[in-house]
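Participant: Have a look at this one.
The values are calculated or read from the model by the stated rules, or taken from the named source; none is laboratory data. It should be emphasised that the depicted structure is a prediction, and the values quoted were computed from it without experimental measurement. When we count neighbours, we look across all protein chains shown, and the Cβ atoms used for this are built from the backbone with ideal geometry, even at glycine. Each accessible area value is taken on the protein alone, full model and side chains, heavy atoms only, with ligands, DNA and RNA left out. Shrake-Rupley method; radii C 1.70, N 1.55, O 1.52, S 1.80 Å.
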Amino acid sequence: MAAVAVVYFAAARFGLGFAVMAEQVSPVWPPSGIALAALLVLGFRAWPGVWLGAVAANILANETPWTAAAIATGNTLEALVGAWLLRRVRFHEGLDRVWDVMALLGLAAGLSTTVAATVGATALCLSGAQPWGAFGTLWLVWWLGDAMGILLFSPALLIWGSRPRIGWDGRRAAEAFVLAACIVAASIASFGGTFVQLTGSHFAYFVFPLLIWAALRFGPRGAAPAVLVTAGVAVAFTVRGLGPFGALTAENRLVMLQVFLGVAALTTLVLAAAIAERDTAERRRRADYGVARVMARSATLEEAVPGILRNVCEALEWDLGELWVVDAPNRALRCLEVWHTPELQVPEFVGATRHVRFAPGVGLPGRVWAAGEPAWISDVVKDPNFPRGPIAAREGLHAAFGFPITVGTEVLGVIAFFSREIRRPDEALLQLFATVGSQIGQFMDRKRSEAELRLANEAKDQFLALLGHELRNPLAPIRNALEVLRNRGNEPAVAAKMHEMMERQTAHMVRLVDDLLDVSRITRGKIGLRKERVDLGVAVERTVDAMRPLLDERGHRLRLSLPTAPIAADVDPTRLEQVLSNLLSNAVKFTPGRGAIAFSVACEGAEAVIRVRDDGIGIRPEMLGRIFEPFAQADRLPERVQEGLGIGLTLARSLVEMHGGTLTATSAGPGRGSEFVVRLPCPPTVERPAPPAPGPTTRVAARRRRVLVVDDNLDSAESLAVLLQMAGHEVQMAHDGPSALALAREYRPEIVLLDIGLPAGMDGYEVAQRMRPDAGPAGLVLVALTGYGQDEDRRRAAQAGFDHHLVKPVDVGHLTRLLGTL
């Protein structure tokens with residue numbers, strides 16, 4: 001306030017030095033421009049400085065204290081009204097739009113000055129310092145002086161008072177120096193009286209080409225000081241009676257000079273603003289294009305970010321840019337990248353930016369994130385919601401704006417830019433970058449989708465490789481066993497060993513396929529549970545018995561901990577044993593030879609807890625969150641190839657959750673073992689479960705059956721026919737639909753084992769539909785024999801007339817029991 005008062009006082013004393021008509025009224029009044037610029041740049045709080053400076057200046061103009069106070073009040077109100085009106089229309093202090101120049105001319109120079117002229121002229125007449133007959137002339141001269149003061153002095157003060165950047169190279173600086181020298185020389189020549197006898201007042205317009213040069217080449221930053229220099233030279237010579245207006249009376253020469261300078265200032269500033277608008281539009285197009293080009297050339301967001309920030313800063317003259325991404329698990333924004341111009345030294349601000357995290361609504365990034373809309377801060381130093389404000393103040397950062405990176409309504413991140421200047425909000429710029437934010441969001445979403453597709457393709461390739469490996473593993477010993485049987489099949493001990501091996505490897509292959517199908521069924525919600533009351537201790541014992549050969553083969557020590565009293569739970573026993581087998585199998589596979597495995601079941605409150613702990617290779621921390629994802633593969637033992645398809649744990653967790661329980665994994669890290677814990681709800685009352693009813697006998701049925709086997713795979717049909725004949729049944733074979741129908745009419749089978757996928761344009765469904773009406777009164781049992789085992793396949797088989805549905809490879813015991821119960 002003190003500084004404003006001193007500057008205002010000095011400018012007022014200078015202006016009163018040109019008073020001709022009255023001691024208190026001057027056609028040259030720079031303080032009006034100074035006061036308006038002070039309130040716009042420093043804020044309305046600077047108004048007491050304007051008032052004090054005006055009071056002091058007017059008291060020295062031979063006015064009473066009350067008159068001086070009244071005139072000072074009018075001058076202050078003029079500045080306040082002008083600043084308020086310009087704020088209402090979103091005036092830019094940089095005068096980089098034609099609208100800004102016209103607002104300055106109409107609202108400030110034209111309208112607000114009527115306040116000071118009216119109050120001042122009235123105060124002088126009321127005090128008797130001037131007669132009422134001179135009111136009109138006093139008002140006009142007062143208004144003209146204030147208007148010219150605003151039009152001539154405010155632009156330079158506003159533009160250069162907001163910390164403008166120069167950024168000129170040597171050639172441009174040299175051009176500016178030459179232009180300034182030419183303007184000074186031309187102004188002196190025009191208003192010094194040198195050519196008056198030759199050209200009269202017309203030579204004053206010689207400065208116009210130079211003012212146009214300043215506007216075209218240097219925009220408002222060059223035009224405003226050029227006008228001010230011209231005005232200073234013109235006033236200095238004109239008050240001495242020199243120049244094109246020197247021949248007029250003292251009062252008229254200053255009035256004519258003010259009119260001339262007003263026209264020159266308005267023309268120059270409008271042209272400069274138009275050029276600035278064009279340049280601004282071009283820079284914004286260049287920034288938009290630059291961002292699009294960077295994204296088109298970048299494979300990832302991390303690769304694109306520095307280019308995006310640099311392009312925007314360089315194109316739009318901002319000093320620093322930062323990109324924040326949403327850290328969804330922690331509900332915070334974290335900084336991904338910071339870029340700033342090479343000449344900017346802000347190490348403390350950059351360091352704080354890289355380490356800070358912003359919650360929604362906190363700071364500029366958090367504010368943009370919470371609102372999902374762009375935001376502008378004219379000066380971050382004065383913003384109460386800018387935690388880095390003190391650092392910005394120390395390192396000279398002021399204006400800032402930010403915009404969200406969006407996909408639809410989701411905010412993926414925030415980009416913010418900072419300037420060393422104080423800048424008023426630019427709605428057009430915010431609208432532009434709202435669109436840019438959407439483009440960057442689409443880029444991020446596209447790259448994220450592409451990355452996910454590359455994880456999916458990699459996972460698919462890895463899965464197919466593992467599937468091939470896992471299927472070849474059991475096929476190799478089966479094939480070897482067949483060769484052994486071919487050469488040494490007459491040796492009972494060798495044959496028994498080979499048969500056992502083939503049965504074990506076939507069971508392994510069947511389990512792989514079943515696991516794959518189960519994952520698919522669970523994903524689609526097509527699997528059901530058949531719950532019954534089960535003693536969990538018994539289920540654990542059965543699992544251990546089934547896994548005993550693998551435990552012995554690997555040489556592991558198993559510590560089994562079972563409760564003394566039964567622990568019952570309502571579960572599907574088959575699915576529970578599937579879960580426990582997967583967990584124990586994993587412990588066996590991922591524990592080095594002669595390792596220790598603990599398997600326990602206990603009751604903890606209302607839950608039954610089953611734990612499988614090993615001292616194996618452990619799980620890396622980053623894998624703990626992914627271990628239950630489909631096809632996820634953790635580390636493996638160095639001496640072994642990868643075992644399994646990566647779906648066992650996925651299937652296990654899904655089945656446990658279907659039972660209303662949980663499955664979790666913990667590990668202290670690589671080489672420190674792991675533990676898997678199953679928690680299942682216990683029923684309110686624990687009762688010893690009833691022993692399971694004995695299943696149907698696996699003994700070969702005594703009754704001889706007539707069986708027709710229909711399968712286009714000759715090996716499958718012949719091997720099944722041999723098994724049935726060995727069981728005492730009469731068997732015929734067919735390998736396509738038409739021959740099956742013909743043979744059925746002739747052979748009259750009791751049972752037809754019918755493959756679904758048959759050649760010759762007639763599948764098993766159609767064969768069954770045609771065969772059923774020809775069965776006769778004795779009836780016919782149709783059994784679908786197929787590799788398709790989904791619920792939809794079973795539904796279609798029932799609709800086609802099948803009585804039963806068996807999935808390949810057929811369990812011989814199950815088929816024998818089925819034949820025995822028909």
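Participant: Quick test of your reading of the structure: Glu303 fulfils all but one of (1) in a helix (DSSP H, G or I); (2) open to solvent by less than 50 Å² (accessible area, probe 1.4 Å). Name the failing condition by number.
Facilitator: (2)
Participant: Let me confirm something: among Ile71, Ile34, which residue is part of a helix (DSSP H, G or I), hydrophobic (A, V, I, L, M, F, W, C) and open to solvent by 10 Å² or more (accessible area, probe 1.4 Å)? First the steps, then the outcome.
Facilitator: On the way: Ile71 fails: open to solvent by 10 Å² or more (accessible area, probe 1.4 Å).
Matching residue, one of Ile71, Ile34: Ile34.
Participant: When you scan region 341-352, how many residues do you find that are surrounded by 15 or more Cβ atoms within 10 Å (Cβ to Cβ) and assigned to a helix (DSSP H, G or I)? Spell out how you get there, then give the answer.
Facilitator: So the first thing to find is which residues in region 341-352 are surrounded by 15 or more Cβ atoms within 10 Å (Cβ to Cβ), and the list is 341, 344, 346, 349-350, 352.
Going one step further and asking which of them are assigned to a helix (DSSP H, G or I), we end up with 349-350, 352.
Residues flagged as surrounded by 15 or more Cβ atoms within 10 Å (Cβ to Cβ) and assigned to a helix (DSSP H, G or I) within region 341-352 amount to 3.
Participant: Can I ask one more? Which residues, counting only those in region 92-116, are buried (at least 19 other Cβ atoms within 10 Å of the Cβ), aliphatic (A, V, I, L, M) and over 46 Å from the mean Cα position of the chain (by Cα)? Working first, answer last.
Facilitator: Initially, region 92-116 is screened for residues buried (at least 19 other Cβ atoms within 10 Å of the Cβ), giving 92-97, 100-101, 103-105, 107-109, 112-113, 115-116.
Applying the additional criterion that residues be aliphatic (A, V, I, L, M) yields 95, 101, 103-105, 107-109, 115-116.
Selection gives Ala109, Val115, Ala116.
Participant: Can you pull out the residues in region 307-340 that are under 16 Å from His398 (Cα atoms) and open to solvent by 10 Å² or more (accessible area, probe 1.4 Å)? Write out each step before concluding.
Facilitator: Let us first name the residues in region 307-340 that are under 16 Å from His398 (Cα atoms), namely 313, 316-322, 340.
Listed by number, the residues that qualify are Leu316, Glu317, His340.
Participant: Oh, and also: From the list Ala652, Ala634, Ala606, Ala668, pick out the single residue that is modelled with pLDDT under 90 and open to solvent by less than 10 Å² (accessible area, probe 1.4 Å). Walk me through how you get there before you give the answer.
Facilitator: Values: Ala634 fails: open to solvent by less than 10 Å² (accessible area, probe 1.4 Å); Ala606 fails: open to solvent by less than 10 Å² (accessible area, probe 1.4 Å); Ala668 fails: open to solvent by less than 10 Å² (accessible area, probe 1.4 Å).
Exactly one residue qualifies, and that residue is Ala652.
Participant: I'd like the full set of residues that are in contact with a helix residue (DSSP H, G or I) (Cβ under 6 Å, 6 or more places away or on another chain) and at positive phi, limited to region 232-275.
Facilitator: Selection gives Gly243 alone.
Participant: Gly243 passes all but one of (1) part of a helix (DSSP H, G or I); (2) over 21 Å from Met102 (Cα atoms); which number fails?
Facilitator: (1)
Participant: Inside region 718-822, counting only strands (runs of 3 or more DSSP E) that do not spill past its ends, which hold 2 or more residues that are closer than 22 Å to Met509 by Cβ and without any contact (Cβ under 8 Å) to a residue 40 or more places away in the chain? Explain how you work it out, then say what you get.
Facilitator: Values: elements: 730-734, 751-755, 781-786, 804-807.
Those strands (runs of 3 or more DSSP E) span 781-786, 804-807.
Participant: Can you give me the number of residues within region 748-780 that are crowded, with 17+ Cβ neighbours inside 10 Å, over 60 Å from the mean Cα position of the chain (by Cα) and not charged (D, E, K, R)?
Facilitator: 6
Participant: Going by the conditions given, is Ala292 assigned to a loop (DSSP other than H, G, I, E, B), under 26 Å from Glu450 (Cβ atoms) and at pLDDT below 95?
Facilitator: Numbers: assigned to a loop (DSSP other than H, G, I, E, B): no; under 26 Å from Glu450 (Cβ atoms): yes; at pLDDT below 95: yes.
When the stated conditions are applied, Ala292 does not pass them.
Participant: I would also like to ask the following. Considering each residue of region 543-577, count those that are under 22 Å from Met501 (Cα atoms) and open to solvent by 30 Å² or more (accessible area, probe 1.4 Å), and give that number. Lay out the reasoning, then the answer.
Facilitator: Let us first name the residues in region 543-577 that are under 22 Å from Met501 (Cα atoms), namely 543-556.
When the remaining residues are screened for being open to solvent by 30 Å² or more (accessible area, probe 1.4 Å), the result is 545-546, 548-550, 552-554.
Of the residues in region 543-577, 8 are under 22 Å from Met501 (Cα atoms) and open to solvent by 30 Å² or more (accessible area, probe 1.4 Å).
Participant: Phe349 passes all but one of (1) in contact (Cβ under 8 Å) with a residue 40 or more places away in the chain; (2) over 18 Å from Leu336 (Cβ atoms); (3) in contact with a Lys or Arg (Cβ under 8 Å, 6 or more places away or on another chain); which number fails?
Facilitator: (2)
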